[in-house]
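The values are calculated or read from the model by the stated rules, or taken from the named source; none is laboratory data. Please read all numbers here as calculations on a predicted model, not as lab measurements. For neighbour counting, all protein chains shown are included, and Cβ atoms are generated from backbone atoms with ideal geometry for every residue, glycine included.
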Amino acid sequence: MAQSGGAFAADGKPRPDRELSLSGTAELVPRKGDRKPIIRLTNDGFKQMGSAWLVRRLDLTRSFEIVFTARLRGGVRSGADGIAFVAQGIGPRALGGWGGGIGYRGISRSVAVEFDTYQNTPDPNSNHVAVTLGGDPDQHIATAEPSMPLLGKPFRARIGYDAAAKRITVHARALAPGATEQLLLDESVDVAQTTGENRGWIGFTGATGDVTSRQDVYDWAVTTPQA
Ligand SMILES: [Ca+2]
């Protein structure tokens with residue numbers, strides 16, 4: 001397994017400021033030590049949307065896996081709207097709609113795995129994970145309800161793409177001692193075909209609406225199998 005890079009400084013340490021392209025309300029929040037900064041997609045304000053993409057394109061005809069920790073903290077009113085991992089073929093400044101759009105609505109050539117904390121009309125509940133295509137969060141091709149709450153406490157997600165089988169798998173677990181990982185989704189998706197790109201952009205989006213939350217992603221890493 002090889003760590004997918006971004007830009008690296010002369011001392012070999014990652015340069016997260018050059019590794020990611022941020023749009024909307026997305027910002028990097030430094031952490032102590034050598035740890036990569038937090039990607040803060042929204043900051044508890046109304047009608048925010050943010051996106052953060054790896055500057056370096058990823059070969060979407062190959063398998064990959066991304067792991068990350070997310071912490072979605074509710075605002076004064078219960079938290080909304082959630083975050084998504086997205087692979088897309090639009091570009092490194094792509095940004096979608098606020099509210100139930102989770103920052104990816106309208107990113108037309110995309111595959112999203114959303115972690116949705118607010119029940120809009122098309123949603124099954126206020127705690128679901130779903131795969132959606134073409135930047136349309138109203139059309140879930142698969143949904144699952146995790147056993148842990150997406151809102152409040154941090155959770156660890158692992159999203160794998162098997163390019164040979166053309167399947168996306170989504171695992172998640174609470175970030176607590178003894179928590180077990182749960183397979184949430186295992187869906188047939190052709191990422192390169194759906195994004196229209198053999199080399200596309202991957203990253204995260206998030207949004208708030210009339211209900212808000214602070215939505216952070218951190219400790220993320222992308223791996224690709226060696227040829
Ligand atoms: Ca929703």
Would you confirm, using the coordinates I've provided, whether SER78 is under 24 Å from LEU183 (Cα atoms) and assigned to a loop (DSSP other than H, G, I, E, B)? no
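Among the residues of the range 81-106, count how many are away from the ligand (no atom under 16 Å from the Cβ), crowded, with 21+ Cβ neighbours inside 10 Å and part of a loop (DSSP other than H, G, I, E, B). Break it down stepwise before answering.
From the range 81-106, those away from the ligand (no atom under 16 Å from the Cβ) are 87-95; that's our starting set.
Subset that is crowded, with 21+ Cβ neighbours inside 10 Å: 87-90, 94-95.
Still in the running and part of a loop (DSSP other than H, G, I, E, B): 89-90, 94-95.
Here the count works out to 4.
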Considering the range 130-143, residues that are within 10 Å of the ligand (Cβ to nearest atom) and in a loop (DSSP other than H, G, I, E, B), and then whichever is farthest from THR194 (Cα to Cα), we arrive at ASP138
One residue from THR180, THR194 being part of a helix (DSSP H, G or I) and either under 28 Å from LEU95 (Cβ atoms) or among the polar types (S, T, N, Q) (or both): THR194
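Kindly check whether there is at least one residue in the range 195-209 that is in contact with a helix residue (DSSP H, G or I) (Cβ under 8 Å, 6 or more places away or on another chain), among the aliphatic types (A, V, I, L, M) and within 16 Å of the ligand (Cβ to nearest atom).
So the first thing to find is which residues in the range 195-209 are in contact with a helix residue (DSSP H, G or I) (Cβ under 8 Å, 6 or more places away or on another chain), and the list is 198, 200, 207-209.
After this cut, where a residue has to be among the aliphatic types (A, V, I, L, M) as well, the list is 207.
Among the residues that remain, those that are also within 16 Å of the ligand (Cβ to nearest atom) are: 207.
The answer is yes, given that some residue of the range 195-209 is in contact with a helix residue (DSSP H, G or I) (Cβ under 8 Å, 6 or more places away or on another chain), among the aliphatic types (A, V, I, L, M) and within 16 Å of the ligand (Cβ to nearest atom).
When the residues of the range 197-216 are filtered to those that are outside any loop (DSSP other than H, G, I, E, B) and of a type in the set (Val, Ile, Thr), which remaining residue is surrounded by the most Cβ atoms within 10 Å (Cβ to Cβ)? Give the steps one after another, and end with the answer.
Filtering the range 197-216 down to residues outside any loop (DSSP other than H, G, I, E, B) leaves 199-207, 213-216.
With the extra rule that they be of a type in the set (Val, Ile, Thr), the set shrinks to 202, 205.
Working: ILE202: 23, THR205: 35.
Across the range 197-216, the extreme among qualifying residues is THR205.
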Can you find a residue that is free of Cβ contacts under 8 Å to residues at least 24 places away in the same chain, in a strand (DSSP E or B) and within 16 Å of the ligand (Cβ to nearest atom) anywhere in the range 120-129? yes
Could you list all residues from the range 107-119 that are within 16 Å of the ligand (Cβ to nearest atom) and not in a loop (DSSP other than H, G, I, E, B)? ALA112, VAL113, GLU114, PHE115, ASP116
Taking interchain pairs and intrachain pairs at least six residues apart, which have beta carbon atoms under 6 angstrom, with the first residue in the range 131-158 and more than 16 Å from LEU72 (Cβ to Cβ) and the second within 13 Å of the ligand (Cβ to nearest atom) and of a type in the set (Ser, Thr, Tyr)? GLY135/TYR104; HIS140/THR132
Take THR117 and decide whether it is surrounded by 21 or more Cβ atoms within 10 Å (Cβ to Cβ), under 22 Å from ARG173 (Cα atoms) and polar (S, T, N, Q). yes
Just checking, does the range 61-79 include any residue being within 16 Å of the ligand (Cβ to nearest atom), modelled with pLDDT of 95 or more, touching a Ser or Thr at 6+ places or on another chain (Cβ under 9 Å) and under 21 Å from ARG214 (Cα atoms)? yes
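Table: residues versus (1) closer than 29 Å to LYS47 by Cα; (2) of a type in the set (Val, Ile, Thr).
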| site | (1), (2) |
| --- | --- |
| ALA130 | yes, no |
| PRO137 | yes, no |
| SER147 | yes, no |
| ARG156 | yes, no |
| VAL189 | no, yes |
| GLY200 | yes, no |
| GLY203 | yes, no |
| VAL217 | yes, yes |
